[in-house]
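Right, one structure below, let's go through it.
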Amino acid sequence: MARPAPFAYRADQLHCEGVSLEALATELGTPLYVYSRGELEGAYRAFDAALTGLPHLICYSVKACSSLGVLSVLAKLGAGADIVSGGELLRWQRAGGDPAKVVFSGVGKTEDEMRAALAAGIHAFNVESAEELTVLDAVARAAGKRARVALRVNPDVDPETHPYISTGLKQNKFGVAMDEARALFRTAAGLAGIEVIGVDCHIGSQLTKTSPFTDAIARLVALVQQLASDGIAISHVDIGGGLGIDYGKGDAPPPSPAEYGVAVRAALAPLTALGVTLVCEPGRVIVGQAGALLARVLYRKRSEAKHFTIVDAAMNDLMRPALYGSFHPIWPAHGADRPTIVTDVVGPICETGDFFARDRALPELARGELVCIGATGAYGAVMASNYNTRPRAPEVLVDGDKYTVLRPRETYDQLLAGERLP
């Protein structure tokens, strides 16, 4: 049975679970990020259930949404974490997450980050280059430890997604080329500070088909079989993340977690006898639909060519439309059933790229009206900035008919506190 939508109308008023969005916005102001705890938990459990029967570790991709409150919810469900910085490791630990369930990805880990991760006892480093491997070996030996390592390979599989979030093609900066991987595994196996435990790949984000996943897994399977013949035992296979969500644009929906699980299980079948553990790094599919950005209409205007609806949220609050040209659904908080007009929904920042929708048919919105920009749980608040000296929006977690302010709105004093005059 499908989970109920976390954002739905009740008596013509948009709610998150049992809480009125108008009531939240009136009390806390706008812009405002709102997350549904029920959707977070439901999405995680659906993904976990899809892998039933496979030994697996779900390492939530912290970069998708790194709020301590969100991380805490997922840690309590038993999730691990995929991190890409020392700061994300600290966040995971502060949220109560288990460092022994952490995989550390990224092409540019510093020595200080390596030392911190070794001290924390993380599960594995996803090593992305020969030079990184050499540095990690030296850092681990100096600390009197052995670093558990999965080498990230680049399978050269087209994820058929936006080029900025494609990571598995040979021209991308990520991972080690497949034709170099076997030799580098042999090198790693001979290093005193390294314990080789796995192979890793991640081909991109917002994937809308299972075939790129299965193509990449097939190449990992062949590599693991080659390594077994070299005497290198692989105990975990990390297939990364990337499963997409439906942003409501009207395109064919991405595979469900259940469909993804069926495809992954079939692709990994040749390794069943080796007893490997599957590691995966979902982010967007867990948190994307759980979040929304609330904004109020400031002004309306019509130029010779366009109608504009100007809201108080901006590209500093939600970067995805400006960065990727991405589509997000937009709903009025009151009475969606009314005539529509074609409008651009834009923010107040002095950039033409400061928009949330272009040429979108929406109910004509009044000055002061509240709107909800949907599917912003992933890569929303986490990518926010203070451009134009704008305080970052608060984040709120709704649980039934109650809510918790996870992070209050920044103040101007907080923005300026670290600065000094010459």
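The values are calculated or read from the model by the stated rules, or taken from the named source; none is laboratory data. Not measured: the values here are computed from a predicted model. Here the Cβ positions follow ideal geometry from the backbone for every residue, glycine too, while neighbour counts run over all protein chains shown.
Per the listing TYR44, TYR35, TYR9, the residue uniquely within 16 Å of VAL285 (Cα to Cα), part of a strand (DSSP E or B) and touching a residue at least 40 places away in the same chain (Cβ under 8 Å) is TYR35. Within the stretch 120-130, the presence of at least one residue that is modelled with pLDDT of 95 or more and surrounded by fewer than 21 Cβ atoms within 10 Å (Cβ to Cβ) is confirmed. Which of the residues belonging to the stretch 294-320 are touching a strand residue (DSSP E or B) at 6+ places or on another chain (Cβ under 7 Å) and farther than 17 Å from LEU362 by Cα? Result: ASP312, ALA313, ASP317, LEU318.
Looking at the stretch 47-60, which of its residues are outside any strand (DSSP E or B), touching a residue at least 40 places away in the same chain (Cβ under 8 Å) and on the phi < 0 side of the Ramachandran plot? The answer is PHE47, ALA49, ALA50, LEU51, THR52, LEU54, PRO55.
Yes/no matrix, rows are residues, columns are (1) closer than 30 Å to PRO255 by Cα; (2) surrounded by fewer than 16 Cβ atoms within 10 Å (Cβ to Cβ):
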| site | (1), (2) |
| --- | --- |
| PRO6 | yes, no |
| ASP12 | no, yes |
| CYS16 | yes, no |
| LEU28 | no, no |
| GLY42 | yes, no |
| ALA46 | yes, no |
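This table checks each residue for (1) part of a strand (DSSP E or B); (2) modelled with pLDDT under 85.
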| residue | (1), (2) |
| --- | --- |
| PHE174 | no, yes |
| ALA181 | no, no |
| LEU184 | no, no |
| ILE197 | yes, no |
| HIS202 | no, no |
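Just one residue in the set ALA100, ALA95, ALA79, ALA117 is of a type outside the set (Lys, Arg), over 20 Å from the mean Cα position of the chain (by Cα) and buried (at least 20 other Cβ atoms within 10 Å of the Cβ); that residue is ALA117. Applying the selection to the stretch 182-214, what residues are within 19 Å of THR277 (Cα to Cα) and out of contact with any Gly (no Cβ under 9 Å at 6 or more places or on another chain)? Of everything in the stretch 182-214, those that are within 19 Å of THR277 (Cα to Cα) and out of contact with any Gly (no Cβ under 9 Å at 6 or more places or on another chain) turn out to be PHE185, GLU195, VAL196, ILE197, GLY198, VAL199, THR214. The criterion of being modelled with pLDDT under 90, under 21 Å from PRO155 (Cβ atoms) and more than 21 Å from the chain's Cα centre (by Cα) holds for LEU274. The test for being out of contact with any Phe, Trp or Tyr (no Cβ under 9 Å at 6 or more places or on another chain), part of a loop (DSSP other than H, G, I, E, B) and touching a residue at least 24 places away in the same chain (Cβ under 8 Å) holds for ARG338.
Check whether at least one residue in the stretch 272-283 is part of a helix (DSSP H, G or I) and either assigned by TED's automatic domain parsing to the domain that holds ALA381 or among the small types (Gly, Ala, Ser) (or both), and report yes or no. Even if it seems obvious, please write down each step before you answer.
Of the residues in the stretch 272-283, the ones part of a helix (DSSP H, G or I) are 272-274.
The next check asks that each one be either assigned by TED's automatic domain parsing to the domain that holds ALA381 or among the small types (Gly, Ala, Ser) (or both); those that pass are 273.
Checked against the condition, which is being part of a helix (DSSP H, G or I) and either assigned by TED's automatic domain parsing to the domain that holds ALA381 or among the small types (Gly, Ala, Ser) (or both), the stretch 272-283 yields at least one hit.
Here VAL382, VAL371, VAL398 are screened, and the one residue that is in a helix (DSSP H, G or I) and either surrounded by fewer than 14 Cβ atoms within 10 Å (Cβ to Cβ) or at pLDDT 95 or above (or both) is VAL382. Across the stretch 135-172, which residue is nearest to SER105 (Cα to Cα) among those that are modelled with pLDDT of 95 or more and small (Gly, Ala, Ser)? Taking the candidates together, the pick is ALA150. Restricting the stretch 300-341 to residues that are aromatic (Phe, Trp, Tyr) and surrounded by fewer than 19 Cβ atoms within 10 Å (Cβ to Cβ) leaves a set whose member that is farthest from VAL371 (Cα to Cα) is TYR324. Within the stretch 363-397, the only residue that satisfies the criterion of being among the hydrophobic types (A, V, I, L, M, F, W, C) and more than 21 Å from LEU24 (Cβ to Cβ) is MET383.
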